[in-house]
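The values are calculated or read from the model by the stated rules, or taken from the named source; none is laboratory data. Since this is a predicted model, take the numbers as computed values, not measurements. Every residue, glycine among them, receives a Cβ derived from its backbone with ideal geometry; neighbour counts consider all protein chains shown.
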Amino acid sequence: MHDDHDSGHDPRRERFRAWLSQARFFAEEVYSSRYRGAIARARRDEDDLFMLLVFSEMMGVPNPAAYYTLELQPLLLERFHDWHTRMGMERSPLDHFRCC
Amino acid sequence: MSAIVLLVLGLAGMAGGYFVYSKFIAEKIYRLDPDFKTPAHEYEDGVDFVPTNRFVLWGHHFTSVAGAAPIVGPAIAVIWGWLPAFLWVVFGTIFFAGIHDFGAIWASVRNKAKSVGALTGDVVGSRARSIFMIVIFLVLLMVNAVFAVVIAGLMMNFSSAVVPVWGAIFVALIIGQLIYRRVLSLPVVSVIGVIALYALIGIGPSVPIQMPAEVAGFSGNAVWILILFGYAAVASLLPVWVLLQPRDYINGLQLFIGLIILYGAILLLNPSIVAPMVNSDVPAGTPSMLPLLFVTIACGAISGFHGLVSSGTTSKQLNKETDARFVGYFGAVGEGMLALAAILAATAGFASLADWQAMYTAFGAGGVNAFVEGGAFMIHNGLGLPEATAATLLTVMAALFAGTTMDTGLRLQRYIFQEWGEIYNQQWMKKSAPATLLAVGSCLVLAFGAGGADGTGGLIIWPLFGTTNQLLAGLTLLVITVMLVRLRRPMWYTLAPLCFLLVMTIAALLIQLRTFFNEGNYFLLILDIVVLIAAIMVAMECAAALKRTRAEMAEQGD
């Protein structure tokens, strides 16, 4: 029986661990790399709806949760430009909310 | 003739192609540059554009392009004898498929990783792009219909595979959840998945499920086709991570294990080939070998479908331009190896010539069944696995490949319908469900229209599928050739395969046109005419584009 301290320095065990983590890296790459794009796009579609919810009040769409979503606006500011361009609006759609 | 000799000859030929010919092409024709900034680096976004390790990328590329087609095509084509199929697979891989797949990656990488469809528009012209879209639609239509027929046939003939094939879907669903919820690490999940799949294969022969010959007025085959399309429609609407992603992964693992088992069995058993070298006694109704051989074996020798994978996904992840040779050319070699295994199984896996002839009673009759039975014979005698288990293993391999291709094919077809909804401003067609219904409907029409209400004659369209696939390959080769002309480099290495393909495809279409007319199969006659028109348009587009580009270059040169 080895204790933890010893096993940490056992070169064979180290090598096995390195090999295992390499195997895990390869397996994960193989599993995910082909579908990364499709999954990211599906997630973005959901996020787009969320953006619309958060910014809806400013565009004249009544939103009962406006009081809460207002808090989220600064957090989503970074994504705002990407979002409005993706939605087919070259410039910020909001008069008082400049973007680009 | 010993199967090992043929195996070694084939592998040596393909290895020579990789080490000598592809090196020459990489250095002198495509002139790959290790310092070129690939799109994966230039547009790196962590989503689509990700520089990827070349071995991982090769694994992806290979498992995406290898499917049921390199098994079905060669297994049908050995009806003309083993030599023609063998030569076309080996030389096709070396001089056609390798150059095509490798070139498609190169062309895409040099053009911001655009897809071949977009490249056809940019490099050749917008008219060529429209033809491209039509050909893609035809390929998808035929691939879905023909694979449904293939799987239905397998389910009817090998009832022991029903439980493992459908069980594999549940295995995929479960491992998808385990991975998504990060319950276990991926290597552990992989091992569990593979064990579960092979356990299912093990119990398959003890729980056979036989579809009754007739259910509610439909034949057993037709019922399987309907079930398969029902499944594929649902599967293509699910998010990719739920089913498609884990299914692809398990399939990839299974492909490598299956190839190792098959090659191992051949090496241990060393069966002799019982099929004739060139079959002078082909069953009545078998079409002429020339040109039909070249469209019967598409995947495994050259396939346009690979260009879609090369340019759509692989090119966005290429780390260094020089990796294109390994990923593209060696990917084609991998597929050639699968086709070679299929040829050997379908020619050497029989006890005698009479047994082989009993299998190949008509054109299209042998096919994937010959692969399964021949392969099972070799695995049983070579590795000692019970014959029923071996047959189940190979049936599951073929059916899972065909099934995954159907999932993806139907999904892609749905996108095309949705795009048409966008172009022609049809709101209803833009939605997923109606677009999927249209896709399934069009495939069902083809699956039943081709072979009557029992759905057994669908393999008649196999060569027609080959022709559309070759046309797609022709368009990709045209893009590469035009690029080479613009760069003032030798164009013969891509132009010669292109001309050969077009001549063979058009000749095959004309011969089939006569056959369909004589048989009074007007449905396929019309389909043949549509493909023929597309083929002639592709040929004229090639001539026009090359003439135009050469004239441009001559003007610039003055």
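Here is how the numbers come out for the structure above:
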{"read-out": "Unmet requirement for B:Leu119, which otherwise passes all of (1) within 14 Å of chain A (Cβ to nearest Cβ); (2) buried (at least 24 other Cβ atoms within 10 Å of the Cβ)", "value": "(1)"}
{"read-out": "Residue in segment B:418-427 that is free of Cβ contacts under 8 Å to residues at least 40 places away in the same chain, out of contact with any helix residue (DSSP H, G or I) (no Cβ under 8 Å at 6 or more places or on another chain) and not in a helix (DSSP H, G or I) present", "value": "yes"}
{"read-out": "Condition broken by B:Ile225, with the remaining ones in (1) over 21 Å from B:Ala342 (Cα atoms); (2) within 14 Å of another protein chain (Cβ to nearest Cβ); (3) touching a residue at least 40 places away in the same chain (Cβ under 8 Å) satisfied", "value": "(2)"}
{"read-out": "Pair list, Cβ under 8 Å, 6 or more apart: segment B:178-195 residue at the interface with another protein chain (Cβ under 9 Å from one of its Cβ atoms), other residue among the charged types (D, E, K, R) and surrounded by 14 or more Cβ atoms within 10 Å (Cβ to Cβ)", "value": "B:Ser185/A:Arg24; B:Leu186/A:Arg24; B:Leu186/A:Glu28; B:Pro187/A:Arg24"}
{"read-out": "Residue within segment B:326-340 that is of a type in the set (A, V, I, L, M) and not in a helix (DSSP H, G or I) present", "value": "no"}
{"read-out": "Sole residue being in a helix (DSSP H, G or I) and in contact (Cβ under 8 Å) with a residue 24 or more places away in the chain, chosen from B:Ala358, B:Ala390, B:Ala376, B:Ala453", "value": "B:Ala376"}
{"read-out": "Number of positions in segment B:41-100 that are in contact (Cβ under 8 Å) with a residue 60 or more places away in the chain and part of a loop (DSSP other than H, G, I, E, B)", "value": "10"}
{"read-out": "Flag for B:Gly17 being away from chain A (no Cβ under 14 Å) and either among the aliphatic types (A, V, I, L, M) or under 24 Å from the mean Cα position of the chain (by Cα) (or both)", "value": "yes"}
{"read-out": "Qualifying residue in segment B:157-165 (condition: closer than 30 Å to A:Phe25 by Cβ and at pLDDT 90 or above)", "value": "no"}
{"read-out": "Check on B:Trp58, within 30 Å of A:Glu29 (Cβ to Cβ) and surrounded by fewer than 24 Cβ atoms within 10 Å (Cβ to Cβ)", "value": "yes"}
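Per-residue answers, yes or no, for (1) surrounded by fewer than 20 Cβ atoms within 10 Å (Cβ to Cβ); (2) modelled with pLDDT of 85 or more; (3) within 22 Å of B:Phe305 (Cα to Cα):
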position	(1), (2), (3)
B:Ile416	yes, yes, yes
B:Gly421	yes, yes, no
B:Gln426	yes, yes, no
B:Ala433	yes, yes, no
B:Thr436	no, yes, yes
B:Ala453	yes, no, no
B:Leu464	no, yes, yes
